[in-house]
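Okay, structure first, notes after.
The values are calculated or read from the model by the stated rules, or taken from the named source; none is laboratory data. These figures come from a predicted structure and were not determined experimentally. All Cβ positions, even for glycine, are placed from backbone atoms using ideal geometry, and neighbour counts span all protein chains on display. Keep in mind that these areas ignore ligands, DNA and RNA; they rest on the heavy atoms of the full protein, side chains included. Shrake-Rupley method; radii C 1.70, N 1.55, O 1.52, S 1.80 Å.
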Amino acid sequence: MKPPPFEYVAAHSLEEALDALATHGWDAKLLAGGQSLIPVLNFRLASPAVLIDLNPVRELAFVEANGVLRIGAMTRQRTLERHEHIARYAPLITAAMPFVAHPQIRTRGTIGGSLAHCDPAAELPAVCLALDATLVARSHRGERTIPARDFFFGLFMTALEPDEILTEIRIPPMTPDTRYAFREVARRHGDFALAGVALTLRLDAEGRIQSPRVALFGVHDAAVLAESAMRLLDGATPSEELLREAAHAVANDIEPSSDVHASAEYRTHLAQVLTARALHDALAQTTE
Ligand code: FAD
């Protein structure tokens with residue numbers, strides 16, 4: 001299928017992109033890697049009058065580590081997968097990236113596009129929740145920072161306003177004692193997941209769990225923190241019973257839907273099993 005006709009605007013700087021967005025507003029869509037937007041246009045699920053291409057905007061593609069890990073919104077997913085700063089300061093991202101689609105798609109797809117698109121089964125929103133990321137949005141009205149937990153509203157809905165561009169993702173570097181795990185189940189490798197989990201936690205000197213962040217995807221209308229499980233885990237001493245209870249509790253925080261791929265009951269079951277396995281993975285990890 002072909003997309004409906006649209007006017008094409010190539011932005012060569014963030015300022016140019018913001019100008020174009022301010023001019024065209026609701027009639028415009030930003031084009032990043034195009035790996036979700038172009039299929040949406042081809043299926044005629046959206047028909048924006050104008051596409052504003054962010055690909056020439058070089059200032060939005062960067063990875064910097066200087067106290068905080070900063071990732072430009074136009075950074076390709078394949079760059080995330082291979083970048084040494086990411087592997088060092090946010091290895092949860094490195095672990096998750098091979099599960100995002102296929103290498104050809106990751107070569108074009110961007111982190112900003114994935115987060116702004118907000119597919120409930122996408123990996124990167126959950127990873128950002130588990131890493132306690134902050135998202136930076138710019139418009140002609142100024143810049144604002146949005147904690148990841150306030151960014152993902154629901155099915156393809158985020159906290160971004162129509163005149164805002166997601167410019168950057170800021171991630172507090174994972175300390176050497178942070179444990180992490182990533183698990184998902186998909187029908188075929190590279191497909192969107194039926195259910196998945198990304199989590200981080202630390203153990204204190206007495207071996208108690210500290211600052212657990214358990215994020216689930218594919219099982220709610222957007223990626224979601226499993227607050228019930230996190231409350232059970234925080235400050236507790238790991239045991240088989242605790243992990244079983246925490247995994248069981250994730251059912252309180254999700255509302256999976258049924259579709260041709262899986263029933264809601266099966267998705268809940270997967271979320272619980274994957275959470276238990278990811279907790280085991282993280283606790284078995286060796287840290288510095
Ligand atoms: P685009 O498609 O260009 O844009 C997506 C949306 O975000 C558009 O509405 C656009 O206007 C908006 N947008 C983009 N950038 C910004 C910005 N900086 N600020 C504000 N709004 C912006 N993804 C997964 O997570 N897991 C998968 O398993 C997976 N499998 C896939 C399989 C196939 C066959 C395909 C085609 C795609 C798959 N994807 C998957 C999607 C892929 O990861 C996309 O790259 C990603 O969802 C969108 O990123 P993009 O850069 O291509 O954004």
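Here are the numbers:
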quantity: Between helix 240-249 and the chain: long-axis angle, C-alpha atoms, 0 to 90°, nearest 10; calculated: 40
quantity: Those GluC sites (Glu not before Pro) in the range 187-283 that DSSP places in a loop and that have at most 11 other beta carbons within 10 Å; calculated: Glu206
quantity: Per-residue SASA entry for Leu45, accessible area with 1.4 Å probe, Å² rounded to 10; calculated: 130
quantity: Selected from Pro91, Pro39, Pro172 as most flexible by GNM, with the chain as the system and alpha-carbon contacts under 10 Å; calculated: Pro39
quantity: Additional length obtainable on full extension of the chain from Arg88 to Glu240, 0.36 nm per residue less Cα span; calculated: 51.7 nm
quantity: Virtual spin-label span in nm between Leu45 and Arg208, 7 Å along Cα→Cβ; calculated: 4.6
quantity: Listed residues Asp53, Asp191, Asp259, most fluctuating in the chain (Gaussian network, C-alpha, under 10 Å); calculated: Asp259
quantity: Rounded Å value of the spacing that divides the Cα centres of the range 223-242 and the range 27-62; calculated: 39
quantity: Dimensionless Rg/Rh of the chain - Kirkwood Rh, Rg from C-alpha atoms; calculated: 0.98
quantity: Sequence-distant residues sharing a close amide H with Leu69 (under 5 Å, placed H); calculated: Ile171
quantity: Label-to-label distance, nm, for residues given as Glu16 and Tyr266 (7 Å Cα→Cβ offset); calculated: 4.8
quantity: Of all accessible heavy-atom area on the chain, the percent that carbon and sulfur account for (1.4 Å); calculated: 51
quantity: Crossing angle, helix 264-284 versus the chain [Cα axis fit, 0-90 degrees, rounded to tens]; calculated: 70
quantity: Surface accessible to a 1.4 Å probe, per residue, for the residues of the chain, Å²; calculated: 47
quantity: Crossing angle, helix 14-24 versus the chain [Cα axis fit, 0-90 degrees, rounded to tens]; calculated: 70
quantity: Inter-label distance, nm, simple model (7 Å from Cα along the C-beta direction), Ser139/Thr286; calculated: 5.1
quantity: The chain: most fluctuating residue of Gly67, Gly109, Gly25 per GNM, C-alpha cutoff 10 Å; calculated: Gly67
quantity: Solvent exposure, largest accessible area first (probe 1.4 Å, DNA, RNA and ligands not counted), of Met74, Met1; calculated: Met1, Met74
